[in-house]
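Student: One structure follows; several queries about it will come next.
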Amino acid sequence: MESQARLVQQADDGSAPTSEGTLVYRQSGWTRLTHWIWAFSLFFLLLSGLQIFNAHPALYIGKQSGFAFSNDVLVIGAENSSTGPVGYTTILGNRFNTTGVLGVSGSTANPSARAFPAWATIPSGQDLATGRVVHFFFAWMLSATLLVWLGASLLNGHLRRDLTPRANDLRRLPKDIVDHARLKFHHSRDYNTLQKLAYGGVLFVLLPLMIITGLAMSPSMNAAVPFLADLLGGRQTARTIHFVAMALLVGFFIIHILMILAAGPINELRSIFTGWYRTDPPADENHEGSA
Amino acid sequence: MPKFQLSRRSFLTAATLGASTVALSGCDAFDFLADRDNGVRNVLEGANDLTYHVQRLLAGRDSLAQEFTEADIRQPQRPNGITAPDDSVYKSLQAGDFADWRLEVTGLVDKPLSLSRQQLMNMPSRTQITRHDCVEGWSCIAKWTGVPMALVLDAATVKPSARYVVFHCLDTIERSISGEVKYYGSIDLIDARHPQTILAYGMNGKPLPVENGAPLRVRVERQLGYKMPKYLHRIELVDGLGAMGLGKGGYWEDRGYDWYGGI
């Protein structure tokens, strides 16, 4: 195990610690397990969610959808032109030609009029019924996993020790932002300030917001907790927030992957698979000036 | 200078991750889930039973769907599905302004009924301004007037063995080589007896328009639009849904939609 880790260390000399650091146990089994269940669930939730969105590819602000009046904030559509079918996306009244991806996609010989393209939906064809079956199964899975994670993280101290921002975190936030921007990473057992904010933001803001806005779209939940949709600005606003939170989660995912690649993917992946993470050697600080 | 360069290994890892993401979302890798008989799909469908039981627990039998004000009625009710039935029976009833139309109440009841629109309108009525939520994602607010279904069920005296109310409609939703399929659907007796579940003959202060289901449609306010059949002509009380259509309890349910449309 140790020699394998050393091999990895030597081969991966790009951005990981330059000399041997200490392997520390960073991620508990609960953190690793729930992380992968979320990753798996969010993959299916995203692609089935885009399938569901395709059934009515427009977003509105308010209690209802304006058909005889206008309260839409996003519309994806298709229309014929002299040069063939054109896909368009209208955001807050600004219209963009998105042929090939949004509105119209598929091969030029056989274009298909659909909001999100076949490669972005589960199933690939238009199938709202299956999209809903997949979406609601993984919605339960995601919510249950979030509860398990919360319980475990309260008990094993992950929440208090690793995620709660402290005064110190705020103090070093500017330096942390500069370091990330320069792709200069410190490998330590503790999360840095931006990590705490990003993970905390996903776990305590975006995912709960996804669940709450999802429930606010359910007519039966509207009877059980009528204030929920009102609180969010109406059912159609809740649906819009659900979509925006999805986009933010996708943004988080992209940055998450980029950071892993930049900070040393082998070390980062080892810690989320096995829990063990190689930290920078103490001497590393001294080299920083000349690096 | 920050030291950042992708080593060959990092690059390969990145390339593999990227490629597998593309392969995973790859078009049709999960299309087997669209197969209604697929075992994995059947497991995923189990989540709907969980939703049904949890929502019944949370919402109770009689919690009311949100009601709105006149000011919220900002547009005509958007119709969906069949909006102008071209069935000869329907068209001849429509030509006579539905004077010859009857609502039959049959199945597991002590007193089968046959009610004219006037008879239904003479019963106590309920008017509610509610939001119609379509399974596609849109919503539309309208005012509905009709007779509470519980009153009709009581008039027919439902037998204790009955568990579901089945709706038989006049509109043909599908024509294929195997024949014509008229719209059908079902709800449980909890929703059938819910205070806001009405057999609506009026909309936005006027008689129910044809596109919205004239002469009579169902309103089940705690569920999605596909659970509220239009062009109703017969209510049947049954103890199971297996014998109807393909056995899933409704036209859309037989085509993959969840029987419980509360979410």
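The values are calculated or read from the model by the stated rules, or taken from the named source; none is laboratory data. A quick note: this is a predicted structure, and the numbers were derived from the prediction, not measured. No Cβ is skipped: glycine too gets one built from the backbone with ideal geometry, and neighbour counts run over all protein chains shown.
Student: Can you tell me which residue is farthest from the chain's Cα centre (by Cα) among those in region A:63-79 that are surrounded by fewer than 20 Cβ atoms within 10 Å (Cβ to Cβ) and of a type in the set (Gly, Ala, Ser)?
Tutor: A:68
Student: Just name the residue that is nearest to residue B:51 (Cα to Cα) out of those in region A:215-224 that are among the aliphatic types (A, V, I, L, M) and within 8 Å of chain B (Cβ to nearest Cβ).
Tutor: Among those that are among the aliphatic types (A, V, I, L, M) and within 8 Å of chain B (Cβ to nearest Cβ), it is A:221.
Student: Additional query: Filter region A:188-214 down to residues that are within 14 Å of another protein chain (Cβ to nearest Cβ) and crowded, with 21+ Cβ neighbours inside 10 Å, then give me how many there are.
Tutor: Going through region A:188-214 one residue at a time, the tally reaches 2.
Student: So, residue A:134, is that one over 27 Å from residue B:77 (Cα atoms), in contact (Cβ under 8 Å) with a residue 60 or more places away in the chain and surrounded by 17 or more Cβ atoms within 10 Å (Cβ to Cβ) or not?
Tutor: yes
Student: Give region A:80-93 a look and list any residue that's among the polar types (S, T, N, Q) and either farther than 16 Å from residue A:111 by Cα or under 26 Å from the mean Cα position of the chain (by Cα) (or both), or say none.
Tutor: If the condition is that a residue be among the polar types (S, T, N, Q) and either farther than 16 Å from residue A:111 by Cα or under 26 Å from the mean Cα position of the chain (by Cα) (or both), then A:89, A:90 are the ones that fit.
Student: Could you go through region B:242-249 and let me know if any residue there is within 28 Å of residue B:76 (Cβ to Cβ), at pLDDT 95 or above and buried (at least 23 other Cβ atoms within 10 Å of the Cβ).
Tutor: no
Student: Cβ-Cβ under 8 Å, sequence separation 6+ or interchain: first residue in region B:231-256 and without any contact (Cβ under 8 Å) to a residue 60 or more places away in the chain, partner of a type in the set (Asp, Glu). Which pairs?
Tutor: As it stands, the answer is B:246/B:254; B:247/B:254; B:248/B:254, since those pairs meet every condition given.
Student: While we're looking at this one, here's another question. Cβ-Cβ distance below 7 Å, separation of 6 or more or different chains: which pairs start in region A:233-252 with a residue that is within 12 Å of chain B (Cβ to nearest Cβ) and end on one that is among the charged types (D, E, K, R) and not in a helix (DSSP H, G or I)?
Tutor: Pairs that qualify, where the first residue is within 12 Å of chain B (Cβ to nearest Cβ) and the partner is among the charged types (D, E, K, R) and not in a helix (DSSP H, G or I), are A:234/A:63; A:235/A:63; A:235/B:131; A:235/B:133; A:236/A:63.
Student: Let me ask you something else. Hey, can you tell me all the residues within region B:229-263 that are under 20 Å from residue B:94 (Cβ atoms) and in a loop (DSSP other than H, G, I, E, B)?
Tutor: B:229, B:230, B:231
Student: Next question. Any residue in region B:220-228 that is under 17 Å from the mean Cα position of the chain (by Cα), crowded, with 19+ Cβ neighbours inside 10 Å and either more than 14 Å from chain A (Cβ to nearest Cβ) or at positive phi (or both)?
Tutor: No, the conditions are met nowhere in region B:220-228.
Student: Condition (residue is closer than 22 Å to residue A:214 by Cα, modelled with pLDDT of 95 or more and under 22 Å from the mean Cα position of the chain (by Cα)) applied to region A:94-115: is it met by at least one residue?
Tutor: yes
Student: So if I check each of B:67, B:104, which one is touching a strand residue (DSSP E or B) at 6+ places or on another chain (Cβ under 7 Å) and either away from chain A (no Cβ under 14 Å) or without any contact (Cβ under 8 Å) to a residue 60 or more places away in the chain (or both)?
Tutor: B:104
Student: Does residue A:240 qualify as being of a type in the set (S, T, N, Q) and in contact with a Lys or Arg (Cβ under 9 Å, 6 or more places away or on another chain)?
Tutor: Considered against the rule, which asks whether it is of a type in the set (S, T, N, Q) and in contact with a Lys or Arg (Cβ under 9 Å, 6 or more places away or on another chain), residue A:240 comes out as no.
Student: Please work out which residue is farthest from the other protein chains (Cβ to nearest Cβ), limiting yourself to region B:70-87 and to residues that are loosely packed, with under 15 Cβ neighbours inside 10 Å and closer than 10 Å to residue B:171 by Cα.
Tutor: The extreme case among them is B:86.
Student: Within region B:165-178, take every residue that is free of Cβ contacts under 8 Å to residues at least 12 places away in the same chain and in a strand (DSSP E or B) and give me the one that is surrounded by the fewest Cβ atoms within 10 Å (Cβ to Cβ).
Tutor: B:176
Student: Looking at (1) modelled with pLDDT under 95; (2) at negative phi, can you tell me which one residue A:84 breaks?
Tutor: All conditions pass for residue A:84, except number (2).
Student: Suppose we keep only residues that are in contact (Cβ under 8 Å) with a residue 12 or more places away in the chain and aliphatic (A, V, I, L, M) within region A:151-167. Which one would you say is nearest to residue A:28 (Cα to Cα)?
Tutor: Among those that are in contact (Cβ under 8 Å) with a residue 12 or more places away in the chain and aliphatic (A, V, I, L, M), it is A:152.
Student: I'd like the residue in region A:9-36 that is crowded, with 18+ Cβ neighbours inside 10 Å and under 24 Å from the mean Cα position of the chain (by Cα) and, out of all such residues, is modelled with the highest pLDDT.
Tutor: Once the filter is applied, the top-ranked residue is A:34.
Student: Test residue A:243 against the criterion of being in contact with a Gly (Cβ under 9 Å, 6 or more places away or on another chain), of a type in the set (Phe, Trp, Tyr) and surrounded by fewer than 19 Cβ atoms within 10 Å (Cβ to Cβ), and give yes or no.
Tutor: Taking the combined requirement at face value, the residue satisfies it.
Student: Restricting to region B:179-217, count the residues that are aliphatic (A, V, I, L, M), away from chain A (no Cβ under 14 Å) and either under 18 Å from residue B:249 (Cα atoms) or part of a loop (DSSP other than H, G, I, E, B) (or both).
Tutor: Counting residues in region B:179-217 that are aliphatic (A, V, I, L, M), away from chain A (no Cβ under 14 Å) and either under 18 Å from residue B:249 (Cα atoms) or part of a loop (DSSP other than H, G, I, E, B) (or both) gives 6.
Student: Can you name every residue in region B:72-105 that is of a type in the set (S, T, N, Q) and under 20 Å from the mean Cα position of the chain (by Cα)?
Tutor: B:77, B:80, B:83
Student: If you don't mind, another one. Scanning for something among the aromatic types (Phe, Trp, Tyr), buried (at least 19 other Cβ atoms within 10 Å of the Cβ) and within 12 Å of chain B (Cβ to nearest Cβ), does region A:141-156 turn up at least one residue?
Tutor: no
Student: Still on this structure: Spot the failing condition for residue A:100; the list is (1) buried (at least 18 other Cβ atoms within 10 Å of the Cβ); (2) farther than 22 Å from residue A:236 by Cβ, and only one is missed.
Tutor: That leaves (1) as the condition not met.
Student: What about residue B:47, is it surrounded by 12 or more Cβ atoms within 10 Å (Cβ to Cβ), within 14 Å of chain A (Cβ to nearest Cβ), free of Cβ contacts under 8 Å to residues at least 40 places away in the same chain and not in a helix (DSSP H, G or I)?
Tutor: So residue B:47 fails the test.
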